[in-house]
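Here is the structure we will look at, set down as structure tokens.
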Amino acid sequence: MGILKGVTAGGHLGWATKRCVVCNRKMVVGKDVVYVCPKCGKGTKIYVCAGDYKALQGKCPYCGTPLTPVV
């Protein structure tokens, strides 16, 4: 097995960078607070930033279920 280099490496930020579905803000999991919808997350991942989480009162903009933080 070879060594993973570049964008395919496990430590590359591309694996941990997510975008908010409301404002399209870049977020890094572990550095920024990221929220995900557990119901909509089965098909496509719905990620929301902390600012939009407050504006949406903690609910998913598509289905209305409470958002949970990504640990």
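The values are calculated or read from the model by the stated rules, or taken from the named source; none is laboratory data. Note that this is a predicted model, so its numbers are computed, not measured. All Cβ positions, glycine included, derive from the backbone under ideal geometry; neighbour counts span all protein chains shown.
Name the single residue, out of those in the stretch 38-59 being out of contact with any strand residue (DSSP E or B) (no Cβ under 8 Å at 6 or more places or on another chain) and in a loop (DSSP other than H, G, I, E, B), that is modelled with the lowest pLDDT.
Among residues in the stretch 38-59 that are out of contact with any strand residue (DSSP E or B) (no Cβ under 8 Å at 6 or more places or on another chain) and in a loop (DSSP other than H, G, I, E, B), the one modelled with the lowest pLDDT is Gly43.
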Tell me, which residue of the stretch 46-67 that is under 19 Å from Ala16 (Cβ atoms) and out of contact with any Cys (no Cβ under 8 Å at 6 or more places or on another chain) is surrounded by the most Cβ atoms within 10 Å (Cβ to Cβ)?
Tyr53
